1. Could you tell me whether segment 188-196 includes any residue that is at pLDDT 95 or above and touching a strand residue (DSSP E or B) at 6+ places or on another chain (Cβ under 7 Å)?
2. Looking at segment 158-175 only, could you name the residues that are over 19 Å from the mean Cα position of the chain (by Cα) and surrounded by fewer than 18 Cβ atoms within 10 Å (Cβ to Cβ)?
3. Search segment 81-98 for residues being out of contact with any strand residue (DSSP E or B) (no Cβ under 8 Å at 6 or more places or on another chain) and in a helix (DSSP H, G or I), and hand back the single one that is nearest to residue 31 (Cα to Cα).
4. Tell me whether segment 183-191 contains one or more residues that are in a loop (DSSP other than H, G, I, E, B) and surrounded by 21 or more Cβ atoms within 10 Å (Cβ to Cβ).
5. Go through segment 139-157 residue by residue and tally those that are surrounded by fewer than 21 Cβ atoms within 10 Å (Cβ to Cβ) and at pLDDT 95 or above.
6. Which of (1) over 27 Å from residue 205 (Cα atoms); (2) buried (at least 20 other Cβ atoms within 10 Å of the Cβ) is the odd one out, the single condition residue 116 does not satisfy?
7. Counting just the residues of segment 73-96 that are touching a residue at least 24 places away in the same chain (Cβ under 8 Å) and farther than 20 Å from residue 22 by Cβ, which one comes out surrounded by the fewest Cβ atoms within 10 Å (Cβ to Cβ)?
8. When the residues of segment 25-64 are narrowed to those that are buried (at least 24 other Cβ atoms within 10 Å of the Cβ) and part of a loop (DSSP other than H, G, I, E, B), which ends up farthest from the chain's Cα centre (by Cα)?
């Protein structure tokens with residue numbers, strides 16, 4: 001299918017002074033997408049897609065990372081009630097290991113868009129990586145969750161829905177503190193991996209104990225010292 005023609009008039013420039021805007025394009029059915037859980041050692045990556053009405057107003061809405069857990073939980077039902085359409089989807093840890101986290105994050109966003117009850121006319125995505133979805137134009141926006149309402153809303157839905165998943169998994173595998181750390185690589189989480197081993201929900205392609213990073217840093221340092229020695233010898 002051919003993509004619809006879009007002119008420069010359809011895509012106004014973002015004005016930093018305005019703050020969070022409803023739309024990036026001039027299409028009324030614009031979908032914002034974001035994900036949660038890319039850096040976690042276990043569990044799925046979760047994405048949300050949200051289409052907000054033009055008159056949507058929620059002063060408390062901001063990037064989910066800037067809000068407290070209680071604030072996110074309070075805003076979530078407002079988004080789910082007032083959005084024209086919203087959906088959440090996930091890609092589990094096994095798929096992440098197979099296709100890598102970047103592809104998994106994009107796949108989760110595609111799955112969320114698939115589930116929308118309304119077909120969007122334009123898609124905006126937090127970050128700088130995305131793959132075309134069907135024949136719909138898209139735009140990636142670095143720090144988009146702090147610029148556009150629909151992306152900020154998607155950020156909150158993705159985060160809160162994933163938090164609920166990790167709390168359920170914590171009940172299944174207590175000891176890793178997932179209800180608190182949500183499977184991010186905290187010292188307590190890594191200490192639990194050393195003591196208890198991994199679970200079926202861990203992402204085995206990840207650096208579980210941070211050893212690969214330490215080895216890489218040591219290798220870089222060794223190369224620097226070798227170059228410095230050669231320079232001195234010369």
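The values are calculated or read from the model by the stated rules, or taken from the named source; none is laboratory data. Note that the structure is predicted; figures quoted are calculated from it, not measured. Neighbour counts run over all protein chains shown; Cβ positions are idealised from the backbone, glycine included.
1. So far as segment 188-196 goes, no, none of its residues is at pLDDT 95 or above and touching a strand residue (DSSP E or B) at 6+ places or on another chain (Cβ under 7 Å).
2. 168, 171, 172, 173, 174, 175
3. 82
4. Just the residues of segment 183-191 that are in a loop (DSSP other than H, G, I, E, B), to begin with: 183-186.
Of the ones still in play, those that are also surrounded by 21 or more Cβ atoms within 10 Å (Cβ to Cβ) are 183.
Yes: segment 183-191 contains one or more residues that are in a loop (DSSP other than H, G, I, E, B) and surrounded by 21 or more Cβ atoms within 10 Å (Cβ to Cβ).
5. Residues that pass the stated criteria total 4.
6. Failing condition for residue 116: (2).
7. Only one residue fits best here, namely 73.
8. Here the answer is 52.
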